[in-house]
1. With the structure loaded, tell me whether HIS59 is under 19 Å from LEU101 (Cβ atoms) and either at pLDDT below 95 or assigned to a helix (DSSP H, G or I) (or both) or whether it fails that test.
2. Residues of the range 18-46 being touching a residue at least 24 places away in the same chain (Cβ under 8 Å), assigned to a loop (DSSP other than H, G, I, E, B) and over 18 Å from ASN82 (Cα atoms), which ones?
3. Which one of ASP56, ASP15, ASP52 is closer than 20 Å to ARG85 by Cα, surrounded by fewer than 11 Cβ atoms within 10 Å (Cβ to Cβ), touching a strand residue (DSSP E or B) at 6+ places or on another chain (Cβ under 8 Å) and among the charged types (D, E, K, R)?
4. How many of the residues making up the range 85-99 are closer than 13 Å to GLN61 by Cβ, out of contact with any helix residue (DSSP H, G or I) (no Cβ under 7 Å at 6 or more places or on another chain) and surrounded by 14 or more Cβ atoms within 10 Å (Cβ to Cβ)?
5. Take the range 61-80 and flag every residue that is loosely packed, with under 15 Cβ neighbours inside 10 Å and touching a Leu at 6+ places or on another chain (Cβ under 9 Å).
6. Of everything in the range 18-49, what is exposed (fewer than 11 other Cβ atoms within 10 Å of the Cβ) and acidic (Asp, Glu)? Give them in sequence order.
7. Could you check the range 75-98 and list, in sequence order, the residues that are of a type in the set (Gly, Ala, Ser) and either more than 18 Å from LEU50 (Cβ to Cβ) or assigned to a strand (DSSP E or B) (or both)?
Amino acid sequence: MPHIIIEHSASLDTDFSQLLKSIHQSTIDTNLFDASTIKTRRVAFPQCILGDGKTDFVHVQVHLLAGRTQTQKQHLSESLLNTLRTLLSDSVSLSVHPYDLDPAIYRKN
């Protein structure tokens, strides 16, 4: 755990392999998780309308089991956002949001 889901506009012109690897490595570098449990993937959205006038976006969802402190989640968010800033131009709308999963109902095999 966690599951890192990178959502982005399909029209975004970037090296997606590098984006995936960089976000994955930044998550490892926070030292909040066992590296062998981190799963990172991306989803392209063919259409979007952004209220800030930008035409492309990247939003990183971090699904993690409840139990991390607010400070730890803030550190994670800032680390991932800083990684996005280094990879993408100011013309791309960037956001990161950690989500707590309830361990009483989360299941995996």
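The values are calculated or read from the model by the stated rules, or taken from the named source; none is laboratory data. As the structure is a prediction and not an experimental result, all values here were calculated from the model. We place every Cβ from the backbone using ideal geometry, glycine too, and count neighbours over all the protein chains shown.
1. Spelling it out, it is not the case that HIS59 is under 19 Å from LEU101 (Cβ atoms) and either at pLDDT below 95 or assigned to a helix (DSSP H, G or I) (or both).
2. PHE33, ILE38, PRO46
3. ASP52
4. Counting residues in the range 85-99 that are closer than 13 Å to GLN61 by Cβ, out of contact with any helix residue (DSSP H, G or I) (no Cβ under 7 Å at 6 or more places or on another chain) and surrounded by 14 or more Cβ atoms within 10 Å (Cβ to Cβ) gives 1.
5. LEU65, ALA66
6. Answer for the range 18-49, where residues must be exposed (fewer than 11 other Cβ atoms within 10 Å of the Cβ) and acidic (Asp, Glu): just ASP34.
7. Across the range 75-98, the qualifying residues are SER77, SER79, SER93, SER95.
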